[in-house]
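The block underneath contains the structure these notes are about, expressed in structure tokens.
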Amino acid sequence: MSEHRYRWRNRQLREHIAVVDGKLPPTILLKNATYLNVYLKKWMSSHIWIYEDRIVYVGGKLPEKINETEIIDCSGQYLVPGYIEPHAHPFQLYNPHSLAQYASQTGTTVLVNDNLMLLYLLDKKKAFSLLDDLNDLPVSLYWWARFDSQSSLQDDEAFIKNANVLSWLKHDAVMQGGELTSWPDVLRDDDRVLHWMQETKRMRKPVEGHFPGASENTLTKMKLLGADGDHESITGEEVYRRLVLGYTSALRHSSIRPDLPKLLQELKPYDIQTYDRMMFTTDGSTPSFYEDGIMNICLEIALKEGIAPEEAYSMASYNAAKYFGIEHRVGSIGPGRVAHINFLAAKDDPHPVSVLAKGKWMKRKGEVFANNVTFDWSEHGLQPLKIDWDLTEDDLQFSLPVGLNMVNDVIMKPFTVKMELAAEEISEDKNEAFVMLMDRDGEWRIATVLKGFTKSLGGLVSSYSNTGDFILLGRRKKDIHLAFNRMKEIGGGIVLANRGKILFELPLKLSGMMSDADMETLISQEKQLTSIIKEHGYTFGDPIYTLLFLSSVHLPYIRITPKGILDVKKKEVLFPSIMR
């Protein structure tokens, strides 16, 4: 039986009633608990009874039967609902399983996840099987259904057919449609996506926007077409504009947009009286950004900026649950809710000393439990890559007159390439590198020059990208070739080479896109990778996101995509990919 359709069978529901009637003992009794009632936004004192994975009673009574009951005296502690990450991208080198395990240790026990990478890597049957198996985690995992590829593919129609959007929208684990990275097309004439938006609304699920810098006029039009929420505000004024129009606004604090302090400061002049339509998100940050936690960090910032604890904890739990229509299941401490509970030492300290998830201890008095649970990814077809083709000297030919100039981590502008590209390496006085996007099956390639990524790194090859195709870049062709061969040997990953030596490798054994390592290991690896890249002249914040978004067409101004070099605004292929 699907957990998301019927979490508890009739027999279990009868047992829950029997616990309240005193016929069965609760599994856990939380005595003398001071907890946040998010409905009243008030701290209350109660005893909380938990049976297996569900809160069955909150009130003044103590159970008559307590044989085999774990009794916890919560005096001096403050209990809040398990935190909710409403906008997770669970494939930023980590995987959904490793991210969920790690997130729970600091109190984030519900994640709503992007399905984009599953669309690229798995067919519908395997993807839905994976969703079911991930339910075995104590963390609650939900998903959203993408409407587009976020790139310009060789065969967009094949991707859409495989994506099976309506089947995803109907799945009980899918909470929303979006995010709408292709909103300009919807405004213009994309009736297919508009139909999917209408179907999402018919199913009583929200539609998540993606509207960076959108004007009041654009936001109004997208509201008319069915958009409900957005997470792209980078100023307080933009948050306020969305709230006025009836949007739910997720305040972002991520590795490439750590904006939360600024957003909260800039909202103060607007004299906000309620925060019910706001929540927090870390928007799929890279691993090292999560070193100290996820939602607990957003809460720490909000509390420092003067948000009342009652409002802040609701923004990190109940507000998201209500937005997705799952407040009957998660987001609060009350009868009938899943037992996701964080135990705090103080109201203004959001870093839990103990964490319950589905009634199981993820952390108890600072000691972490159950963080070494393994997952058999091979059962779902996610294994190391088997690359049966070779990179040749002919592939390493660069001749296009237009290159990509990095404005920041993820935004690229076109520039005219004036240097000689036939040479084996780029001269030291240039701030440029060869760059190529290569089909993971070896069928096509598109090559040009990238300015601003490195001043000295010989070669970087990555199987990690938005589309799962290979990125090859660097200042020396021999080093690029060396890095590619090593990436091939390890079955996918990110490999750095310089002057004939391998500097670093990060294996990504899950289809070349995700690591199977635990988060602690991955954080250390990503820090080392980023440090080496910065030592070679990368001046921006997050090189992992640069790799991910090289081929993403939801950002300006120019991209290197499977179809070729693309002018994003005009949707025009400037130079097409070449078949090998």
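The values are calculated or read from the model by the stated rules, or taken from the named source; none is laboratory data. All values reported here derive from a predicted model rather than from experimental measurement. Here Cβ is always computed from backbone atoms with ideal geometry, including for glycine, and neighbour counts include all displayed protein chains. Quick note on the areas: whole protein, heavy atoms, side chains included, nothing else; ligands and nucleic acids left out. Shrake-Rupley method; radii C 1.70, N 1.55, O 1.52, S 1.80 Å.
Remind me, relative contact order of the chain in percent, using alpha carbon pairs under 8 angstrom and six or more residues apart? The partial results should precede the final answer.
On the way: 1309 pairs, mean separation 81.7, N = 580.
For the chain, the relative contact order is 14 percent.
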- prompt: Residue farthest toward the positive end of the dipole of region 82-331, with Cβ of Lys/Arg at +1 and Asp/Glu at -1: which of Gly306, His328, Ser140?
  reply: His328
- line: Stretched fully, the stretch from Glu68 through Asp518 gains (0.36 nm per residue minus C-alpha distance, one decimal, in nm) 158.6 nm
task: Can you check what the net charge comes to around Gln105, using other residues whose Cβ is under 12 Å from the Cβ of Gln105 (Lys, Arg +1; Asp, Glu -1)?
output: -3
- prompt: How high is the FRET efficiency from Ala18 to Lys161, r the C-beta distance, R0 56 Å, rounded to 0.05?
  reply: 0.70
task: Past 19 Å, Cα to Cα, is the threshold; run Lys61/Lys322; Lys125/Lys170; Lys42/Lys365; Lys125/Lys161 against it and keep the listed order.
output: Lys61/Lys322; Lys42/Lys365
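How high is the relative contact order of region 393-579, given as a whole-number percent (alpha carbon pairs under 8 Å, six or more residues apart)?
Contact order relative to length: 21 percent.
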message: Placing +1 on the Cβ of each Lys and Arg and -1 on the Cβ of each Asp and Glu in the chain, which of Met222, Ser149, Ile72 has its Cα farthest towards the positive end of the resulting dipole?
response: Ile72
task: Excluding Glu489 itself, calculate the net charge of residues whose Cβ lies under 14 Å from the Cβ of Glu489, where each Lys or Arg counts +1 and each Asp or Glu counts -1.
output: +1
statement: Expressed as a percent, the accessible surface of the chain that is carbon or sulfur, using a 1.4 Å probe and the full set of protein chains, is 48
message: Just to confirm a number: summing +1 for Lys and Arg and -1 for Asp and Glu over residues other than Ile426 whose beta-carbon lies under 10 angstrom from that of Ile426, what do you get?
response: -1
- request: Rank these by accessible area, largest first, 1.4 Å probe: Trp168, Trp8.
  value: Trp8, Trp168
query: Accessible area per residue, 1.4 Å probe, Å², for the chain: what's the number?
result: 39
- prompt: Using r as the Cβ-Cβ distance of Lys223 and Asp136, and R0 as 30 Å, what FRET efficiency do you calculate, to the nearest 0.05?
  reply: 0.20
- prompt: Given C-alpha coordinates of region 315-380, what is the ratio Rg to Rh with the Kirkwood estimate of Rh?
  reply: 1.06
- line: If the label point sits 7 Å along Cα→Cβ of Arg204, residues of region 313-337 with amide N under 16 Å come out as 321-330
Student exercise, region 352-476 dipole from Lys, Arg, Asp, Glu Cβ charges, in Debye to nearest 20: 1140
- line: Note to self: C-alpha centroids of region 314-370 and region 500-544 sit apart, in Å, by 32
message: Explain nothing, just the number: relative contact order of region 82-331, from Cα pairs under 8 Å at least 6 residues apart, as a whole percent.
response: 21
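Using 1/(1 + (r/R0)^6) with R0 = 51 angstrom and r between the beta carbons of Val573 and His328, what's the FRET efficiency to the nearest 0.05?
Here the calculated transfer efficiency is 0.60.
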message: Can you find, among Ser456, Leu29, Pro562, the residue sitting farthest towards the positive end of the charge dipole of the chain, where Lys and Arg contribute +1 and Asp and Glu -1 at Cβ?
response: Leu29
- request: Mind putting a number on the dipole of region 4-72 about its Cα centre? Charges go on the C-beta only, +1 for Lys and Arg and -1 for Asp and Glu, and I need it in Debye to the nearest 20.
  value: 340
message: Suppose accessible area is computed on protein heavy atoms with a 1.4 Å probe; arrange Ile256, Ile307 from highest to lowest.
response: Ile256, Ile307
task: Please work out whether region 393-579 counts as rounded, prolate or oblate from its C-alpha gyration tensor, where a ≥ b ≥ c are the square roots of the eigenvalues and a/c under 1.5 means rounded, while otherwise a/b larger than b/c means prolate and anything else oblate?
output: rounded
query: Using unit Cβ charges (K, R positive; D, E negative) and no other charged atoms, how large, in debye to the nearest 20, is the dipole of the chain about its Cα centre?
result: 1080
